[in-house]
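Worksheet: the structure to be examined is printed underneath.
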Amino acid sequence: MNNDSKIFRSIVKGVGASLPKKIVTNKDLTMTVDTSEEWIEERTGIKERRIASEGETTSSLGAEAAQKAINNSGLENSDIDLIILATSTPDNTFPASATAIQSSLGIRKGYAYDMQAVCSGFVFAIEAADNAIKVGNAKNALVIGSETFSRIIDWDDRGTCVLFGDGAGAIVLSASDDASNRGVLSNHLHSDGRYGDLLYVDGGPSTSSQVGFLRMDGKGVFKHAVHNLSSAIIEAIEYNNLNINDIDWFVPHQANKRILEAVSKKVGLSKDKVIITVDKHANTSAASIPLAINDAVEEGKIKPGDLVLLEAMGGGFSWGSTLIRW
Ligand code: COA
């Protein structure tokens, strides 16, 4: 930690995204697995997803998204002194894929590491970057969510293979000591390891010689997701002394449209304020929030000064929220 006693606020300077080229529609999936376009769309809201081809990796997608976010921020690559990559699908067991991104962006200073909190990873990574900025350890942080879940999907399991996609998104968070109210206002994180067996990968370096495949109890996850996401929203609202109507945009982890509708109903938020991209990206785990942010900014929805609440829930279980004045 440096000795400068000034408390910095982390403000969003830029956003970026990167998607694999290959689009796989629900109809495409009906050719390889016993499912229907209607089943997938009705149960999940998903219409299509991107799937990484050979050569498209978590670090290559993450680096492209990160470069766009830096370009968008007005900073230079050499200004970045922290990279946190939220991912559960790193290129290799180690080194951290964040260091591969650091290298490919030509960044030679600061530090880089991977954050593994599955679908909540992006919110966990923002919290870590925000804390590093506040204590003076970093000035310009790249927070990236990048995933290639297609590589840990059992393509014979129709209960899971239709739900996920690949992609990456990134934001640049910078230290600001200006008097405006912009920036990260709060982070609230939670985990409860008792539910690890409802959503997990059945392999990994310490237990098996295989990377493994994603396994899920869909109904169990659904029930906890609605409860945990609703409580995360209420926690953030109450902590910041706000009313739910004060929030301009909700950017939830994009797992399933029905989960988002159930959460909206439970906490009484207007559907018009919920950013939804699950229809075209499916569930991209830690990448889903920054991909949705990027879309919302490009479409002119999220604007400077808006109050934006990010919420996520995923394997572990882990869940939480971040409130940002854009
Ligand atoms: N196509 C057609 N039928 C399918 C299917 C598919 N892709 N996948 C499952 N089915 C079948 C099941 O086999 C079952 O058939 P049965 O009644 O003959 O046994 C039937 O559809 C209903 O399955 P069920 O699992 O009860 O459906 P559901 O309404 O719970 O929906 C999910 C399944 C996965 C869409 C839903 O549970 C869900 O979204 N869960 C949350 C998942 C999630 O968000 N995970 C990530 C969190 S980060």
**Prompt:** Scanning for something open to solvent by 10 Å² or more (accessible area, probe 1.4 Å), near the ligand (Cβ under 10 Å from one of its atoms) and not aliphatic (A, V, I, L, M), does region 257-266 turn up at least one residue?
**Reply:** yes
**Prompt:** Looking at region 95-127, which of the residues that are touching a helix residue (DSSP H, G or I) at 6+ places or on another chain (Cβ under 6 Å) and surrounded by fewer than 21 Cβ atoms within 10 Å (Cβ to Cβ) is farthest from S146 (Cα to Cα)?
**Reply:** G106
**Asked** Within region 84-94, can one find any residue that is over 20 Å from I289 (Cβ atoms), without any contact (Cβ under 8 Å) to a residue 12 or more places away in the chain, surrounded by fewer than 24 Cβ atoms within 10 Å (Cβ to Cβ) and hydrophobic (A, V, I, L, M, F, W, C)?
**Response** yes
**Request:** Please work out if K47 is within 17 Å of the chain's Cα centre (by Cα), open to solvent by 10 Å² or more (accessible area, probe 1.4 Å) and basic (K, R).
**Result:** no
**Prompt:** Of all residues in region 102-142, which are within 23 Å of G183 (Cα to Cα) and polar (S, T, N, Q)?
**Reply:** S120, N131, N137, N140
**Message:** Among the residues that make up region 28-44, is at least one of them in contact (Cβ under 8 Å) with a residue 12 or more places away in the chain and under 20 Å from the mean Cα position of the chain (by Cα)?
**Reply:** yes
**Request:** Determine if region 134-149 includes at least one residue that is part of a strand (DSSP E or B), open to solvent by 10 Å² or more (accessible area, probe 1.4 Å) and closer than 23 Å to N71 by Cα.
**Result:** yes
**Prompt:** Within region 267-319, how many residues are of a type in the set (G, A, S) and either within 13 Å of the ligand (Cβ to nearest atom) or not assigned by TED's automatic domain parsing to the domain that holds V226 (or both)?
**Reply:** 10
**Item:** Candidates G212, G193, G220, G159 - the one that is touching a residue at least 40 places away in the same chain (Cβ under 8 Å) and either crowded, with 19+ Cβ neighbours inside 10 Å or within 15 Å of the ligand (Cβ to nearest atom) (or both)
**Value:** G159
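The values are calculated or read from the model by the stated rules, or taken from the named source; none is laboratory data. What you see is a predicted model, and the numbers here were worked out from it, not measured in a lab. Note: ideal-geometry Cβ built from the backbone for every residue, glycine included; neighbour counts use all protein chains shown. These area figures cover heavy atoms from the full protein model, side chains too; ligands, DNA and RNA do not enter into them. Shrake-Rupley method; radii C 1.70, N 1.55, O 1.52, S 1.80 Å.
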